[in-house]
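Take a look at the structure set out below.
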Amino acid sequence: MHELSIVMSIINIAEQQARAAHATVIDEIELDIGTMSGIEMDALDFAWTGAVKQTMLEGAEKKVNRIAAKAHCIDCDAEFAIEKYYDACPVCGEHLLYILQGKELKVKSLVVS
Amino acid sequence: MCATCGCDSGSKTTYKLRDKDDEHTHSHPHVHNHGYTHDHPHDHDHPHPHPKTVVDVEQDVLHQNNLLAQRNRGYFDAKNILALNLVSSPGSGKTTLLERTLKDLKGQLEFAVIEGDQQTSNDADRIYATGTSVTQINTGKGCHLDSHMILHAMQGLKPKENSVLFIENVGNLVCPAMFDLGEKERVVIISVTEGDDKPLKYPDMFHSSTLCVINKIDLLPYVPFDIEKVKANAKKVNHQLEIIEVSCTSGQGLQEWYGWLKSKILQPETV
Ligand SMILES: Nc1nc2c(ncn2[C@@H]2O[C@H](COP(=O)(O)OP(=O)(O)OP(=O)(O)O)[C@@H](O)[C@H]2O)c(=O)[nH]1
Ligand SMILES: [Mg+2]
Ligand SMILES: [Zn+2]
Ligand SMILES: [Zn+2]
Ligand SMILES: [Zn+2]
Ligand SMILES: [Zn+2]
Ligand SMILES: [Zn+2]
């Protein structure tokens, strides 16, 4: 359940940033989470509910931008959507892929007051 | 509070340098300051809502881990230490592989070991028995090592210059993939009793590793495990992955592993 330690890191980042902005409340948090970031959304939501209690994120609205993974085929130069590392290139069938996006795991922005 | 990294204490992580036999439980907590201070020159209970402000953060969630990992990496580079992060499911044979390696290469290379387990110092005891200095990290409920734990483990262990540092991660093929420890290479170990679809089930780990050791090949006659299939699956996930087949029991393939290890050691540059 690394999602719990991920949530802890998110709380740290968000509280630090909110305090730096002299805010007392975090109203919204926006996260970028790629589909190949290694995060299970159900596990994240589950960990979130418990972990944000008594933090500035308790009561904050969580917005998640799920970033769909895309890869580039090193063999034939095609660009396409993928779900897994072992997906084959839909054009040439090879597995020499370079992941272009989908591994994001970041705190994008906050709305604080 | 920990002067090195500013962490304040509270986690259940413990560090025990086995070769001195002192339990230096420098446990500290993973900083979540739940109470925050909000210094206001004026005294009031916020009857006025503060205006809403948007803060652009754009920060990687693993930023802190990655920073400390880079710091560890700098330390390793400066001392020419080859740090290897060994990851696998529980019981694939990580500690056994280390025991063999430490015995077989004794006198040829200098070693130090960090053992990561949720509980017990059994693995550190096994390493210590080979005459190698070792620090046991017990993570409590934690299911992976992170760069901050390595930083603290190193303070007691003090690996020598030009040595090989083995870091045996907590047995878990999922989240150790996300946590850079500052290692030079990540080595994923699977054993033939685990099924040949492991790379497809846990692709992140195979994707982020540079070497895959397939252990317990002495058991191949007894288990349905298609070694060519597992290799093909692993290559699908990571086409650059090197693969070495070994048996820690019979010794088969170990020379290839030792060859790989030696090939990774940089000769210190002479100016
Ligand atoms: N037959 C056979 N058994 C092995 C081999 N290597 C290890 N084992 C056995 O596998 C079991 C687990 O080995 P360990 O080295 O403790 O495994 P580990 O990966 O360190 O386990 P954790 O630290 O608990 O994750 C032990 O009973 C070993 O004796 C091998 O090459 N062949
Ligand atoms: Mg072990
Ligand atoms: Zn292609
Ligand atoms: Zn610390
Ligand atoms: Zn700490
Ligand atoms: Zn005020
Ligand atoms: Zn974990």
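The values are calculated or read from the model by the stated rules, or taken from the named source; none is laboratory data. All figures in this text were calculated on a predicted structure; none of them were measured in a lab. As a convention, Cβ positions derive from the backbone with ideal geometry for all residues, glycine included, and neighbour counts pool all protein chains shown.
Assorted remarks:
- Of the criteria (1) more than 12 Å from ligand 1 (Cβ to nearest atom); (2) away from chain A (no Cβ under 14 Å); (3) among the polar types (S, T, N, Q), which one residue B:89 fails: (1)
- Residue under evaluation residue A:93, criteria (1) out of contact with any strand residue (DSSP E or B) (no Cβ under 6 Å at 6 or more places or on another chain); (2) farther than 18 Å from residue B:56 by Cβ; (3) crowded, with 18+ Cβ neighbours inside 10 Å, criterion not met: (3)
- Considering residues of the stretch B:219-271 that are of a type in the set (S, T, N, Q) and part of a helix (DSSP H, G or I) only, the residue surrounded by the fewest Cβ atoms within 10 Å (Cβ to Cβ): B:263
- Some residue of the stretch B:179-191 being surrounded by fewer than 24 Cβ atoms within 10 Å (Cβ to Cβ), farther than 17 Å from residue B:264 by Cβ and within 12 Å of another protein chain (Cβ to nearest Cβ): yes
- Looking across the stretch B:127-161, just one residue is acidic (Asp, Glu) and within 14 Å of chain A (Cβ to nearest Cβ), and that is B:146.
- Residue in the stretch A:61-79 that is away from ligand 6 (no atom under 16 Å from the Cβ), closer than 23 Å to residue B:146 by Cα and of a type in the set (S, T, N, Q) present: no
- Residue in the stretch B:126-140 that is surrounded by fewer than 21 Cβ atoms within 10 Å (Cβ to Cβ), within 16 Å of ligand 2 (Cβ to nearest atom) and part of a helix (DSSP H, G or I) present: yes
- Matching option when the condition is assigned to a strand (DSSP E or B) and surrounded by fewer than 20 Cβ atoms within 10 Å (Cβ to Cβ), among A:77, A:27, A:87, A:45: A:27
- Qualifying residue in the stretch B:169-185 (condition: under 17 Å from residue B:248 (Cβ atoms) and either part of a loop (DSSP other than H, G, I, E, B) or more than 16 Å from ligand 5 (Cβ to nearest atom) (or both)): yes
- Filtered residue count, the stretch B:70-110, keeping only those that are among the polar types (S, T, N, Q) and touching a Cys at 6+ places or on another chain (Cβ under 6 Å): 1
- Pairs, first within 8 Å of chain B (Cβ to nearest Cβ) and farther than 28 Å from residue A:103 by Cα in the stretch A:18-33, second modelled with pLDDT of 95 or more and in a strand (DSSP E or B), C-beta under 7 Å, six or more apart: A:21/A:112; A:21/B:55; A:23/A:112; A:25/A:112
- Of the candidates A:39, A:74, the single residue that is within 11 Å of chain B (Cβ to nearest Cβ), within 16 Å of ligand 3 (Cβ to nearest atom) and not small (Gly, Ala, Ser) is A:74.
- Any hit, the stretch B:211-227, residues being under 21 Å from residue B:90 (Cβ atoms), touching a Phe, Trp or Tyr at 6+ places or on another chain (Cβ under 6 Å) and at pLDDT 95 or above: no
- The single condition from (1) away from chain A (no Cβ under 13 Å); (2) under 23 Å from residue A:103 (Cβ atoms) that residue B:195 fails is (2).
- Which numbered condition residue A:104 fails, given (1) at pLDDT below 95; (2) more than 16 Å from ligand 6 (Cβ to nearest atom): (1)
- Residue among B:216, B:229 that is of a type in the set (D, E, K, R) and either within 19 Å of the chain's Cα centre (by Cα) or within 14 Å of another protein chain (Cβ to nearest Cβ) (or both): B:229
- Of the listed requirements (1) within 14 Å of chain A (Cβ to nearest Cβ); (2) under 22 Å from residue B:97 (Cα atoms); (3) exposed (fewer than 15 other Cβ atoms within 10 Å of the Cβ), residue B:202 misses just one: (3).
- Between A:50, A:93, the distinction of being more than 16 Å from ligand 4 (Cβ to nearest atom) and in a loop (DSSP other than H, G, I, E, B) belongs to A:93 only.
- Condition met for residue B:114 (surrounded by 15 or more Cβ atoms within 10 Å (Cβ to Cβ), assigned to a strand (DSSP E or B), touching a helix residue (DSSP H, G or I) at 6+ places or on another chain (Cβ under 8 Å) and in contact (Cβ under 8 Å) with a residue 40 or more places away in the chain): yes
- Among the residues of this structure, residue B:124 does not count as one that is within 14 Å of another protein chain (Cβ to nearest Cβ), within 14 Å of residue B:167 (Cβ to Cβ) and either more than 16 Å from ligand 6 (Cβ to nearest atom) or out of contact with any strand residue (DSSP E or B) (no Cβ under 9 Å at 6 or more places or on another chain) (or both).
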